[in-house]
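The values are calculated or read from the model by the stated rules, or taken from the named source; none is laboratory data. Just so it is clear, the model here is predicted, and its values are computed rather than measured. Note that we place each Cβ from the backbone using ideal geometry, even for glycine, and neighbour counts take in every protein chain shown.
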């Protein structure tokens, strides 16, 4: 018996890499952490990845039970995540991103970075589908390593984006923030549209 299902490992890694998009996360991370110290931004990168990994892992083990118990369909979860991301995107586009931190210095690494941006409906659903294919230690290890690998890429992308932040300065941050808001709004609208299509198709 194979110790590791390499085909499944590659499939899990590539699928989650495309969905979670470490490169596309960079401008959003820069805009949400602008004005913070380098140490705070580095801590935010770790926290965001940690939250994402925790959420993904919880849904991998207990996702179906949680959704069934609460009578929540996957399209409903997807629509909720899309609406939350749309609120964040509107704040970025209108220059009100500071309000996401809250007056008490709330942590953007938890929401919206950790979830629903990184650990969003797409990543959660994909992980739950991969877990259904686990039937021995080789497939379990493949899925686990795939999830860990993608999160390491996410951390590296955010961690090494900090020199970019120092290079582009305030005017560049403003431009990146607006671009991030536009991209994030498109992602949010796509999530909601997909959820609506699923409801119409009778999957909800």
message = Being closer than 22 Å to residue 181 by Cα and surrounded by fewer than 21 Cβ atoms within 10 Å (Cβ to Cβ) is the requirement here; does residue 14 meet it?
response = no
ask   = Would a scan of segment 47-62 turn up a residue that is modelled with pLDDT under 85 and closer than 17 Å to residue 121 by Cα?
value = no
remark   = Scanning segment 115-159 residue by residue, the ones that are part of a loop (DSSP other than H, G, I, E, B) and either closer than 19 Å to residue 58 by Cβ or in contact with a helix residue (DSSP H, G or I) (Cβ under 9 Å, 6 or more places away or on another chain) (or both) total 5
request  = Take residue 154 and decide whether it is modelled with pLDDT of 85 or more, under 16 Å from the mean Cα position of the chain (by Cα) and under 15 Å from residue 33 (Cα atoms).
outcome  = no
ask   = For residue 175, which of the numbered conditions (1) without any contact (Cβ under 8 Å) to a residue 24 or more places away in the chain; (2) under 23 Å from residue 56 (Cα atoms); (3) touching a helix residue (DSSP H, G or I) at 6+ places or on another chain (Cβ under 9 Å) fails to hold?
value = (2)
key: Residue among 182, 175, 141, 191 that alone is closer than 19 Å to residue 15 by Cβ and modelled with pLDDT under 90   = 191
ask   = If you check 30, 86, which single one turns out to be under 18 Å from residue 188 (Cα atoms), modelled with pLDDT of 85 or more and under 16 Å from the mean Cα position of the chain (by Cα)?
value = 86
Residues located in segment 1-32, provided they are out of contact with any helix residue (DSSP H, G or I) (no Cβ under 7 Å at 6 or more places or on another chain), part of a helix (DSSP H, G or I) and closer than 30 Å to residue 166 by Cα = 18
request  = For residue 115, work out the one condition from (1) closer than 16 Å to residue 186 by Cα; (2) under 13 Å from the mean Cα position of the chain (by Cα); (3) buried (at least 18 other Cβ atoms within 10 Å of the Cβ) it doesn't fulfil.
outcome  = (1)
